[in-house]
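The values are calculated or read from the model by the stated rules, or taken from the named source; none is laboratory data. Just so we're clear, the structure is a prediction, and the values are computed from it rather than from any experiment. Positions of Cβ are generated from backbone atoms using ideal geometry, with glycine treated the same way; all protein chains shown enter the neighbour counts. All accessible areas refer to the heavy atoms of the entire protein, side chains included, with ligands and DNA or RNA removed. Shrake-Rupley method; radii C 1.70, N 1.55, O 1.52, S 1.80 Å.
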Amino acid sequence: MKTTYYGQSTVEIELSNGKKLLFDPFITHNPLAKDIDINSLKPDYILISHGHGDHIADLFEIQKNSGAKVICIAEIAGWLNSKGVDNVHGMNIGGGFNFDFGRVKMVNAVHSSTMPDGSPGGNPAGFLLSVEGKKIYFAGDTALTYDMKLLADENLNWAYLPIGDNYTMGADDAIKASAFINCKNIIGIHYDSFEVIRIDKDEVREKFIKAGLNLKLPAIGETIDL
Ligand code: NI
Ligand code: MN
């Protein structure tokens with residue numbers, strides 16, 4: 001299993017069987033990701049954490065290109081249906097479903113969620129994935145929250161956590177979150193794309209090392225093993 005980082009919170013997980021899961025596509029409006037051609041992305045599933053533009057901007061184009069099934073909260077599922085996207089699987093917080101690639105459970109995130117046209121996006125969400133014998137947590141946009149402690153006994157292998165501060169938790173709270181979820185392998189997301197979430201990567205790396213954590217900050221377009 002491997003993962004590729006496409007900037008902001010856009011990550012792809014490619015399973016050993018070749019199935020591809022793409023999270024929160026935001027590429028063409030991100031100058032840092034200008035070398036990524038969204039036409040090259042052909043996911044089987046697109047998972048959406050919430051309705052903000054920096055998580056769904058390229059959803060329609062990539063879904064049209066790939067025919068991917070979109071996994072998201074019920075309100076966003078309905079909104080996508082109203083926009084002509086039919087291959088959608090709506091869920092809600094606390095619910096899990098066994099897909100052909102593994103299990104996805106939608107978990108709490110503390111944030112907000114409005115669609116780009118002002119429609120309500122339901123609650124923001126994170127995802128707990130059980131795939132190919134591994135457990136992976138994609139936190140989405142969220143504050144540090146005690147609900148993360150509910151994941152402590154999941155034996156997580158990897159967690160994608162926001163570290164950019166301002167709109168989500170920053171590095172210090174992400175380190176606390178790593179303890180709450182009992183996971184040492186962290187991939188940082190949601191940083192550097194905008195002025196207010198620019199981070200000093202060396203300083204953040206140092207903090208995670210001091211906390212005994214393995215932080216990965218892959219370059220945009222870089223693929224690492226999970
Ligand atoms: Ni957001
Ligand atoms: Mn965001």
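Figures for the structure shown
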| read-out | value |
| --- | --- |
| Residue match in segment 36-51 (condition: in contact with a strand residue (DSSP E or B) (Cβ under 7 Å, 6 or more places away or on another chain), within 19 Å of PRO218 (Cβ to Cβ) and away from ligand 2 (no atom under 16 Å from the Cβ)) | yes |
| Candidate set from segment 1-45 (those that are of a type in the set (A, V, I, L, M) and part of a strand (DSSP E or B)); member that is nearest to ligand 1 (Cβ to nearest atom) | VAL11 |
| Residue count, segment 47-85 (criterion: in a helix (DSSP H, G or I), out of contact with any Gly (no Cβ under 8 Å at 6 or more places or on another chain), more than 15 Å from ligand 1 (Cβ to nearest atom) and open to solvent by 10 Å² or more (accessible area, probe 1.4 Å)) | 8 |
| Matching residues in segment 189-209 - criterion: being closer than 20 Å to GLY140 by Cα and among the aliphatic types (A, V, I, L, M) | ILE189, VAL196, ILE197, ILE199, VAL204 |
| Residue within segment 107-114 that is surrounded by 21 or more Cβ atoms within 10 Å (Cβ to Cβ) and within 24 Å of ASP225 (Cα to Cα) present | no |
| Residue among ASP173, ASP153, ASP147 that is more than 30 Å from ASN17 (Cβ to Cβ), free of Cβ contacts under 8 Å to residues at least 40 places away in the same chain and not β-branched (Val, Ile, Thr) | ASP173 |
| Every pair of residues 6+ apart whose Cβ atoms lie under 6 Å, when the first sits in segment 207-221 and is more than 14 Å from ILE189 (Cα to Cα) while the second is of a type in the set (Ser, Thr, Tyr) and not in a strand (DSSP E or B) | LEU213/SER178 |
| The lone exception for VAL104 - which of (1) open to solvent by 10 Å² or more (accessible area, probe 1.4 Å); (2) more than 16 Å from ligand 1 (Cβ to nearest atom); (3) in contact (Cβ under 8 Å) with a residue 24 or more places away in the chain it fails | (1) |
| Looking only at segment 86-101, and only at residues there that are closer than 21 Å to LEU41 by Cα and surrounded by 16 or more Cβ atoms within 10 Å (Cβ to Cβ), the one that is nearest to ligand 1 (Cβ to nearest atom) | VAL88 |
| Flag if LEU15 is under 21 Å from LEU156 (Cα atoms), among the aliphatic types (A, V, I, L, M) and at pLDDT 95 or above | yes |
| Unmet requirement for VAL196, which otherwise passes all of (1) in a loop (DSSP other than H, G, I, E, B); (2) more than 20 Å from VAL107 (Cβ to Cβ); (3) of a type in the set (Val, Ile, Thr) | (1) |
